[in-house]
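Peer 1: Structure below; questions to follow.
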Amino acid sequence: MMKKLYEGKAKILYSTDNAEVLLTHFKDDATAFNAQKRGTIAQKGKMNCQITVALFQWLESKGIPTHLIEQSADDEILVKRVKIIPIEVVVRNIAAGSLCRQTGLEEGHELPFPLVEYYLKNDELGDPLLTCDRLLILELATEEQLKQLQTLALSINQHLQELFASCQITLVDFKLEFGIDTQGQILLADEISPDTCRLWDQTQSDPERRVMDKDRFRRDLGQVETAYQQVQKRIVDRLASYEA
């Protein structure tokens, strides 16, 4: 019998008959600004689930280890039990969002190199940006683990940039979470979806019409479901063409 272990803003985690396997259910709930804004995006759970499965399987083929086992329903996946590292790893290719607010860089400014940032995974504290030394002082990760996180994040960024570009989508920035399995290996966990990425449609020049991610919900731009559907279709179609 499944038991609810954890419910977050976008997913619910359940136990299974196997102690080393968990079930993740993707919700249609949408939140922004640390859950100060709430709503629902129709079919979001199914779309984000399929996008995550497609991207995780593709990254696995590129040598990136993930916690994904298999998709068990339209909005559910079976995953390996891991101990989540309480750090949100953010990779930025183009200035947007908080980077612009904190630095004065104009939105759309292409960064000279991918910027890897670490945020404390703690809603009560507002998920603050942390330096590497602060992470070490808080004992959230070892120096070796931080090196691994950066290496994995940059490799994932390279692979995702190439894939999204082939779908006429620009990968502006994105958030990653990682976990440690019973063998001590760091695995990519959580999800990769329009909820966790900033994605711009290369076929649109208008700054608002090009948005294909949760910024449409954050900024009340409308057509949120349509944007998510477009991301899902382009990724699934592109990966299917690779397999053909």
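Peer 1: For the structure I just gave you, tell me whether residue 117 is farther than 21 Å from residue 191 by Cα and assigned by TED's automatic domain parsing to the domain that holds residue 219.
Peer 2: no
Peer 1: Which of the residues that make up the stretch 211-230 are crowded, with 17+ Cβ neighbours inside 10 Å and in contact with a strand residue (DSSP E or B) (Cβ under 6 Å, 6 or more places away or on another chain)?
Peer 2: Within the stretch 211-230, 212, 213, 217 qualify.
Every residue, every condition in (1) more than 26 Å from residue 164 (Cβ to Cβ); (2) surrounded by 13 or more Cβ atoms within 10 Å (Cβ to Cβ); (3) in contact (Cβ under 8 Å) with a residue 40 or more places away in the chain, yes or no:
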position: 4; (1), (2), (3): yes, no, no
position: 9; (1), (2), (3): no, yes, no
position: 14; (1), (2), (3): yes, yes, no
position: 18; (1), (2), (3): yes, no, no
position: 31; (1), (2), (3): no, yes, no
position: 51; (1), (2), (3): no, yes, yes
position: 66; (1), (2), (3): no, yes, yes
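Peer 1: While we're here: Out of 107, 124, I need the residue that is assigned to a loop (DSSP other than H, G, I, E, B) and more than 23 Å from residue 65 (Cα to Cα). Which one?
Peer 2: Residue meeting the stated conditions: 107.
Peer 1: I need every pair where a residue in the stretch 212-233 that is touching a residue at least 60 places away in the same chain (Cβ under 8 Å) and over 13 Å from residue 42 (Cβ atoms) has its Cβ under 6 Å from the Cβ of a residue that is hydrophobic (A, V, I, L, M, F, W, C) and surrounded by fewer than 20 Cβ atoms within 10 Å (Cβ to Cβ), sequence separation at least 6 or different chains.
Peer 2: Within 6 Å, the pairs are 218/32.
Peer 1: Next up: If you take the residues of the stretch 197-209 that are touching a residue at least 12 places away in the same chain (Cβ under 8 Å), closer than 26 Å to residue 33 by Cα and touching a strand residue (DSSP E or B) at 6+ places or on another chain (Cβ under 8 Å), which of them is surrounded by the most Cβ atoms within 10 Å (Cβ to Cβ)?
Peer 2: Among those residues, the one meeting the criterion is 199.
Peer 1: Follow-up. Please determine, by comparing only the residues of the stretch 129-147 that are touching a residue at least 12 places away in the same chain (Cβ under 8 Å) and among the hydrophobic types (A, V, I, L, M, F, W, C), which one is farthest from residue 116 (Cα to Cα).
Peer 2: 138
Peer 1: List the strands (runs of 3 or more DSSP E) inside the stretch 33-85, counting only whole elements, that have at least 3 residues being more than 17 Å from the chain's Cα centre (by Cα) and not charged (D, E, K, R).
Peer 2: 68-73
The values are calculated or read from the model by the stated rules, or taken from the named source; none is laboratory data. Model, not experiment: these values are computed from the prediction. Positions of Cβ are backbone-derived with ideal geometry, glycine not excepted, and every protein chain shown enters the neighbour counts.
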